[in-house]
Amino acid sequence: MGVIAALALVVLAGWAGWRLLAPPAPALDGETRAALYRAPLPAPQGGMDLFHLGHSLVGRDMPAMVAQLAAAAGFADHTYHSQLGWGTSLRDHWDPDRPINGFEVENDHPRFRDARTALAGGVDALILTEMIDLSDAIRYHDSPRYLAHWAHEARQHAPEARVYFYETWHHWSAGDTWLERLDSDPEALWEGTILAQAMAHEGVGTVHVIPGGRAMAAFVRALEGQGGLPGLADRAGLFALDPEGAVDRIHLNDLGAYLIALVHVATLYHLDPRGLPHALLRADGSAADAPSAEAAALMQSVVHDVVRQIPTTGLPPA
């Protein structure tokens with residue numbers, strides 16, 4: 001290669017360096033990953049500035065509920081922004097040449113910020129999630145590489161930034177193995193594949209987990225195991241209705257958003273969520289449908305247990 005060509009490559013790499021990470025080492029094995037989480041994160045001493053990057057399983061209302069729960073726990077200086085799409089992969093968010101379906105609709109609100117602009121200004125925590133179906137995301141959208149890109153981008157601007165991978169869930173139907181997959185997918189896909197490969201990239205650091213899927217599975221088992229609670233008979237009561245009035249089976253209603261907001265606030269702030277308020281507002285300021293006191297208490301108790309049983313949350317063990 002000539003000198004001029006080599007210099008041109010260096011210039012291009014500097015100009016588009018946000019696109020480039022060195023090829024990863026082999027995926028981290030289970031023991032190497034486990035060692036990264038043996039020392040818990042220190043509990044935050046003040047409100048954090050969060051950035052949510054994802055799609056409709058983040059939505060507008062769940063982050064707004066997280067902010068209200070944080071404020072109720074004494075973190076009134078908690079702030080957040082987001083960039084969302086419809087079923088958007090981390091790759092589609094990353095690559096400016098790829099369209100983000102639903103971008104104009106999902107980001108038409110005051111909490112939207114362009115992801116790169118937000119990270120360039122520094123954030124306390126970046127919360128990433130991936131498109132569903134996760135197997136397709138890994139196969140066709142190279143999830144580990146793009147999670148590594150985003151984590152590296154955040155830490156270039158704020159080396160102490162916390163990076164979280166928000167574990168979601170897949171579509172369910174009657175009689176399927178939904179609960180069993182929520183148990184097995186973290187090691188098979190979320191952590192054992194995506195995180196294991198992403199954290200093998202130099203400069204990515206440790207990525208922690210917000211275990212939404214496992215918390216949902218634990219709550220559904222507890223709820224259905226006792227035959228339901230006032231206002232919430234079974235798992236269907238956590239999910240929105242589609243335009244024909246049928247249960248959506250993947251997108252949350254207000255009760256489901258409240259459950260997942262509890263998982264976020266308990267993980268991010270190392271909080272005991274028991275006793276937090278359950279009558280909250282949606283992002284637009286309207287009153288959210290609140291779970292009954294009994295359902296809220298069960299959600300809070302389950303979340304308290306789940307986030308302390310999973311080392312990758314960064315919390316001290318139970």
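Accessible area of segment 48-143 with a 1.4 Å probe: how many percent of it is carbon plus sulfur?
Whole-percent figure for carbon plus sulfur exposure: 47.
So what's the Cα pair-distance distribution over segment 21-161, bin width 5 Å, in %?
All Cα pairs considered, the percentages come to 2, 9, 16, 20, 20, 16, 10, 5, 1.
If each residue of separation counts as 0.36 nm, what is the full-extension length gain between SER173 and ALA297 once their alpha-carbon separation is subtracted?
42.0 nm
Report the equivalent ellipsoid semi-axes for segment 55-99 in whole Å, largest first, defined as the square roots of five times the eigenvalues of the gyration tensor built from alpha carbon atoms.
Ellipsoid half-lengths, sorted descending, are 28, 11, 6 Å.
Residue by residue through segment 303-310, what is 3J(HN,Hα) from phi via Karplus (6.51 cos²θ - 1.76 cosθ + 1.60, θ = phi - 60°)? Round to whole Hz and write x for glycine and proline.
With coefficients 6.51, -1.76 and 1.60, one gets 4, 3, 6, 5, 5, 8, 8, 10 Hz.
Mind giving me the nanometre distance, one decimal, between the label points for ASP272 and ALA120, set 7 Å out from Cα along Cα→Cβ?
In this crude label model, ASP272 to ALA120 measures out at 4.5 nm.
Place a label point 7 angstrom from the Cα of GLU244 along the Cα-to-Cβ direction, then list the residues of segment 156-190 whose backbone nitrogen is under 17 Å away.
So the set is 172-174.
Amide H of LEU232 versus every other amide H placed in the peptide plane: which residues, excluding those fewer than 5 positions away on the same chain, fall under 5 Å?
Under 5 Å from the amide H of LEU232 lies no amide H from a residue far enough along the sequence or on another chain.
Order the peptides 224-231, 110-117, 251-258, 130-137 from the highest to the lowest mean number of other Cβ atoms within 10 Å of their residues.
Highest to lowest by the protection proxy: 251-258, 130-137, 110-117, 224-231.
With a sphere of radius 9 Å drawn around the Cβ of ALA137, what net charge do the other residues whose Cβ falls strictly inside it have (Lys, Arg +1; Asp, Glu -1)?
My count for the surroundings of ALA137 gives -2.
List the residues of segment 164-190 whose backbone N lies under 20 Å from a point placed 7 Å from the Cα of ASP29 along the Cα-to-Cβ direction.
187-189
Can you list residues from other chains, or at least 5 along the same chain, whose modelled amide H is less than 5 Å from the amide H of PHE112?
The list, which skips near neighbours in sequence, is SER82.
Residue by residue through segment 153-168, which ³J(HN,Hα) values in whole Hz follow from phi under the Karplus form 6.51 cos²θ - 1.76 cosθ + 1.60 (θ = phi - 60°), with glycine and proline marked x?
Once θ is set to phi - 60°, the couplings for segment 153-168 become 4, 4, 7, 5, 8, 9, x, 8, 4, 8, 10, 10, 9, 7, 7, 9 Hz.
Return the ratio Rg/(2.2 N^0.38 Å) for segment 161-286, where Rg is computed over Cα atoms only.
In units of the globular-protein estimate, segment 161-286 measures up at 1.17.
Find the accessible area per residue for the chain; the probe is 1.4 Å, ligands and nucleic acids are left out, and the unit is Å².
For the chain, the solvent-accessible area averages 43 Å² per residue.
What residues have an amide H closer than 5 Å to that of PHE239, excluding those fewer than 5 places away on the same chain, when H is modeled at 1.01 Å from N in the peptide plane?
Under 5 Å from the amide H of PHE239 lie the amide H atoms of ASN253, each far enough along the sequence or on another chain.
What is the sum of charges, Lys and Arg at +1 and Asp and Glu at -1, for the other residues whose Cβ falls under 15 Å from the Cβ of ALA200?
With Lys, Arg at +1 and Asp, Glu at -1, the net is -3.
Using a simple spin-label model with points 7 Å from Cα along the Cα→Cβ vector, what separation in nm is obtained for ALA222 and GLU202?
4.5 nm
For segment 147-182, which GluC sites (Glu not before Pro) pass both filters: DSSP loop (anything but H, G, I, E, B) and at most 11 other C-beta atoms within 10 Å?
Here the sparse-neighbourhood loop sites are GLU160.
Take every DSSP beta bridge with both residues inside the chain and express the antiparallel ones as a percent of the total, to the nearest 5.
In the chain, DSSP labels about 15 percent of beta bridges as antiparallel.
What are the extents of the Cα atoms of the chain along their three principal axes, listed from largest to smallest and rounded to whole Å?
74, 43, 42
Compute the Rg to Rh ratio over segment 177-228 from the alpha carbon atoms, using the Kirkwood formula for Rh, and round to two decimal places.
Here Rg/Rh amounts to 1.15.
Within 10 Å, Cβ to Cβ, of HIS109, how many net charges do the neighbouring residues add up to if Lys/Arg are +1 and Asp/Glu are -1?
Summing Lys/Arg as +1 and Asp/Glu as -1 gives -1.
The values are calculated or read from the model by the stated rules, or taken from the named source; none is laboratory data. Remember, it's a predicted structure, so these values are computed and weren't measured experimentally. When we count neighbours, we look across all protein chains shown, and the Cβ atoms used for this are built from the backbone with ideal geometry, even at glycine. Surface accessibility is based on the protein's heavy atoms, side chains included, excluding ligands, DNA and RNA. Shrake-Rupley method; radii C 1.70, N 1.55, O 1.52, S 1.80 Å.
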